[in-house]
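In what follows, a single structure is set out as structure tokens and then discussed.
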Amino acid sequence: MSCSSRSLLDVGRQALDDLIRHAESGYPEEVCGFLIGVVVGEATRVTRIRPVRNMWSEDGVLVQDLTEALSDTDRAMEFAAAAATTRFAIDPREQLKVMREVRGESARIVGLYHSHPDHPAVPSGWDAEFAWEACSFAIASVLGGSFAELRSWRRVSGGTTMLEETILTTTP
């Protein structure tokens, strides 16, 4: 992985188009995946995305492990009761597979993305709790099945504060 303290996310046009298609095709559930790219100067450049399955509704053990990691019992029960329309979870085996796929390339995992069906592209409490520190955390808002907007955030080290990144779209 190649996360940094950069605050500019430069998303290639093809990567953005692929992300939008993925987000719309998964509606009304959240979709998720990895941002693959490089750090160039003051920007994190996303050259492609790597979609993965949303394991939230498929793997009860994974969801239980994630919710048990929360120190607040009330919040843990709320998260456990959530559906794949409002939560996502990435199988650690898929994460390792993607890490192996980019091994030996100049590109690396530079962040995560997921969709917010019928909600704004703003991090939820769950997002802030589990976002990777210093990595881009892109959120695609999908309203009624159509892409609405993409915003990206970074979790501040040592906490749950999320700072918004500026997004540029370039070709390719």
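Here the spin labels are modelled as points 7 Å beyond Cα on the Cα-Cβ line, and at Val156 and Asp17 they lie 3.9 nm apart.
Close amide H pairs (under 5 Å, H built 1.01 Å from N) link Glu29 with no residue at least 5 positions away or on another chain. Short-range pairs are left out: with C-alpha atoms under 8 Å and at least six residues apart, the relative contact order of the range 1-54 is 44 percent. The mean sequence distance of close C-alpha pairs (under 8 Å, at least 6 residues apart), as a share of the length of the range 93-172, puts its relative contact order at 24 percent. Stretched out straight at 0.36 nm per residue, the stretch from Ala128 to Leu96 would grow longer than its current Cα-Cα span by 9.3 nm. Given their separation in residues at 0.36 nm each and the Cα-Cα distance between them, Val38 and Leu8 gain 9.6 nm when the chain is fully extended. Out of every Cα-Cα pair that the range 81-172 contains, those further apart than 24 angstrom amount to 27 percent. Projected label points at Ser25 and Arg48, each 7 Å from Cα along the beta carbon direction, are separated by 1.5 nanometres.
Contour minus end-to-end for Thr171 and Ser146, with contour as 0.36 nm per residue of separation and end-to-end as the Cα-Cα distance? It would help to have the intermediate numbers written out before the result.
Numbers: separation 25, 0.36 × 25 = 9.00 nm, distance 2.24 nm.
6.8 nm is the gain from fully extending Thr171 to Ser146.
Amide H contacts under 5 Å for Asp118: Val142, Leu143, Gly144, Gly145, restricted to partners 5 or more places along the chain or on a different chain, H placed in the peptide plane at 1.01 Å from N.
None of the figures in this text is laboratory data; all of them are computed from the coordinates on show. Remember, predicted model here, so these are calculated numbers, not experimental data. Note: ideal-geometry Cβ built from the backbone for every residue, glycine included; neighbour counts use all protein chains shown.
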